[in-house]
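Enquirer: Here it is, the structure, as structure tokens.
The values are calculated or read from the model by the stated rules, or taken from the named source; none is laboratory data. Small disclaimer: the values here were computed from a predicted structure and weren't measured. Because the Cβ atoms are built from the backbone with ideal geometry, glycine has one as well, and the counts that use them run over all protein chains shown. Heavy atoms of the whole protein, side chains included, go into the accessibility calculation; ligands, DNA and RNA do not. Shrake-Rupley method; radii C 1.70, N 1.55, O 1.52, S 1.80 Å.
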Protein chains: 4
Amino acid sequence: MVAMFTPEPLCVVATGGTLDKVYFDTLSAFSCGEPQAPPLLAAAGADHPVSVVAVCKKDSLELTDADRDAILAAIRARPERRILLTHGTDTMPVTAAFLKDKVPGKTVVLTGAMQPALMRATDAPFNIGFAAAATQLLPGGVYIAMNGRVFEAGQVRKNREAGKFETA
Amino acid sequence: MVAMFTPEPLCVVATGGTLDKVYFDTLSAFSCGEPQAPPLLAAAGADHPVSVVAVCKKDSLELTDADRDAILAAIRARPERRILLTHGTDTMPVTAAFLKDKVPGKTVVLTGAMQPALMRATDAPFNIGFAAAATQLLPGGVYIAMNGRVFEAGQVRKNREAGKFETA
Amino acid sequence: MVAMFTPEPLCVVATGGTLDKVYFDTLSAFSCGEPQAPPLLAAAGADHPVSVVAVCKKDSLELTDADRDAILAAIRARPERRILLTHGTDTMPVTAAFLKDKVPGKTVVLTGAMQPALMRATDAPFNIGFAAAATQLLPGGVYIAMNGRVFEAGQVRKNREAGKFETA
Amino acid sequence: MVAMFTPEPLCVVATGGTLDKVYFDTLSAFSCGEPQAPPLLAAAGADHPVSVVAVCKKDSLELTDADRDAILAAIRARPERRILLTHGTDTMPVTAAFLKDKVPGKTVVLTGAMQPALMRATDAPFNIGFAAAATQLLPGGVYIAMNGRVFEAGQVRKNREAGKFETA
């Protein structure tokens, strides 16, 4: 039974989104910076094997079909079975539905944040923690982990007015 | 299958620990304040039913047998099957071993923090997020969730020098 | 001599800028929110009389001549002699030069931030503290307080590449 | 007139206090760590010459006559005329009164914090900013800068219940 809890190697696949937003004073603009999930894992002392692949640094509204193909290719190319996919929230359900059934044998958990990780008040570290556990504990499949809940790909939408994910 | 992911009601049982440390200027001292797990759950928009029971507000080195009995009684008295138990790290393995086999049918996950939730750099929100997912997804039993890992009660110790939990 | 240090009433005139940037998830965009200087003053226990006038909530690159006229009118209309003017950094020197010589008898200190007050790493509270002291202690005139320095209106520019203000 | 605002070299003399409190997990205790004023100055881009002398790392209730002699000696030994003295709040008025009239020609401003600089909610960066300006702008003498105000040495006390400094 102990073996069940020896964490398998984890791959963080990062695509940008609010989670990774940084304010660049030289541009007077916010845009996606370096992936924030790895330093959050490190800050919690989660030092089992973690690799990081940054596919793109985009708002999820700007993701194209080519970007989703690149995300899929990145997940398939990795040896790890446990994939934590960080993603903007607006089209997170779209990407989850796209990946569903395309990555057999892997557990892919999408998460992100409503407020950037670098803000004083942010849901980012909670969400990365929640998703990290879900990635380790869920069986193969594609999931969204937001608002302290697990949703299955294809059965979830973002309610923008409420700032929440809900079953669909 | 969706039903599996409808979160069951969660009970946070709080006992104090570094997680809840606050600096009281009027005393010029740090001591345990209000439980920090509930506001961290709320900040992540985790608004499924969550109840809170504060058993005590102590460093875990100060916990007595009577305190552990009170923790056990609190868990048994709650209707929820999913229990997130926040606890100081120093004797977290002791309390986990004490609870093991005493709460059949319940999933009890202990977590805490190496740095207070109110510090600028803290593992608290990650740990609460990780433990919240573990509480929802693990089968009945008593576990410790720290350092991005799940440990089973009775098979874990804190390595104080390394500032990490490890299997024992 | 004590009287010298009894703080005169202070008026915060807010115009927006990076200091006040907030991330609005419903818009997936950052824009200027409520003035951040007043809560920063309150958090430091600076509870001598402080009034607040929000003239606009704009990036300083978007400020028009009409906005600058409104800022001037707001300063003139206030009974306080001590004015802390929060402002975006890009055109802060322009507004300072515009106000120079137009507000005799008043001490007007412009400040702002390179990173929003709500970010985890920000110069905002330091700058508001520095500017609050400068507003109390400087003789009548118009000044910019940034980078831990006082600059005189008309003799300062922002070096955007360096992210610093410098004498001009 | 510009010369007036070219900042003179600043010396930070650090003694500990709440400002510098750090939580050491290996000790399960808070105690004074490295001086926090220099990184706060740096974060605000205050890069004019700043030197740092750490005289001790103590709660101010633990400061002895020998410590105060060491503080005085450190101030006298420095070539800078502008001294920012970081200090615990409980006996800040005692040290200010002790230094009064002993450092002719120098401007010494004592400040500290009610909440550690490393806490999420803290008055530390505001206070260091406020005190940095006061150190530059005040004439020779010994002052306390707290709560957004300047107090003269010998005419100030801490009201512990209110968590505020007030004239005495």
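Enquirer: Pairs please, first residue from the stretch C:40-53 and at the interface with chain D (Cβ under 7 Å from one of its Cβ atoms), second anywhere and open to solvent by 30 Å² or more (accessible area, probe 1.4 Å), Cβ atoms under 6 Å, 6+ apart in sequence or on different chains.
Expert: If the second residue must be open to solvent by 30 Å² or more (accessible area, probe 1.4 Å), the pairs left are C:L41/C:V50; C:G45/D:K164.
Enquirer: Here's a follow-up. Quick one: which of C:L99, C:L63, C:L40 is hydrophobic (A, V, I, L, M, F, W, C), more than 30 Å from A:S60 (Cβ to Cβ) and touching a His at 6+ places or on another chain (Cβ under 9 Å)? Steps first, please.
Expert: Numbers: C:L99 fails: touching a His at 6+ places or on another chain (Cβ under 9 Å); C:L40 fails: touching a His at 6+ places or on another chain (Cβ under 9 Å).
Being hydrophobic (A, V, I, L, M, F, W, C), more than 30 Å from A:S60 (Cβ to Cβ) and touching a His at 6+ places or on another chain (Cβ under 9 Å) holds for just one of C:L99, C:L63, C:L40, which is C:L63.
Enquirer: When the residues of the stretch A:54-99 are filtered to those that are under 18 Å from A:D20 (Cβ atoms), aliphatic (A, V, I, L, M) and within 13 Å of the chain's Cα centre (by Cα), which remaining residue is nearest to the other protein chains (Cβ to nearest Cβ)?
Expert: My answer is A:L84.
Enquirer: Got a sec? Which strands (runs of 3 or more DSSP E) wholly within the stretch B:57-168 have at least 2 residues that are crowded, with 18+ Cβ neighbours inside 10 Å? Quick ask: steps written out before the conclusion?
Expert: Working: elements: B:82-86, B:107-111, B:141-146, B:149-152, B:156-159, B:164-167.
Output list reads B:82-86, B:107-111, B:141-146, B:149-152, B:156-159.
Enquirer: When you go through (1) within 11 Å of chain D (Cβ to nearest Cβ); (2) open to solvent by 20 Å² or more (accessible area, probe 1.4 Å); (3) of a type in the set (G, A, S) one by one for C:S28, which number turns out not to apply?
Expert: Among (1) within 11 Å of chain D (Cβ to nearest Cβ); (2) open to solvent by 20 Å² or more (accessible area, probe 1.4 Å); (3) of a type in the set (G, A, S), the lone unmet condition for C:S28 is (1).
Enquirer: Consider the stretch B:112-132. How many of its residues are in contact with a helix residue (DSSP H, G or I) (Cβ under 8 Å, 6 or more places away or on another chain), of a type outside the set (S, T, N, Q) and more than 16 Å from A:H48 (Cβ to Cβ)?
Expert: Here the count works out to 12.
Enquirer: Can you find, within the stretch A:143-168, the residue that is modelled with the lowest pLDDT among those that are touching a Ser or Thr at 6+ places or on another chain (Cβ under 7 Å) and at the interface with chain B (Cβ under 8 Å from one of its Cβ atoms)?
Expert: Residue satisfying both the conditions and the ranking: A:G163.
Enquirer: Could you tell me which residue of the stretch D:100-126 is farthest from the other protein chains (Cβ to nearest Cβ), considering only residues that are polar (S, T, N, Q) and under 21 Å from C:D123 (Cβ atoms)? Don't jump to the end; show me each part of the working.
Expert: Let us first name the residues in the stretch D:100-126 that are polar (S, T, N, Q), namely D:107, D:111, D:115, D:122.
Retained after the next criterion (residues that are under 21 Å from C:D123 (Cβ atoms)): D:111, D:115, D:122.
On the way: D:T111: 9, D:Q115: 6, D:T122: 8 Å.
Step by step, filter the stretch D:100-126, then rank; the result is D:T111.
Enquirer: Is it true that B:P39 is farther than 24 Å from D:K21 by Cβ and out of contact with any helix residue (DSSP H, G or I) (no Cβ under 9 Å at 6 or more places or on another chain)? Let's see the steps before the verdict.
Expert: On the way: farther than 24 Å from D:K21 by Cβ: no; out of contact with any helix residue (DSSP H, G or I) (no Cβ under 9 Å at 6 or more places or on another chain): yes.
Here the answer is no, as B:P39 does not meet what is asked.
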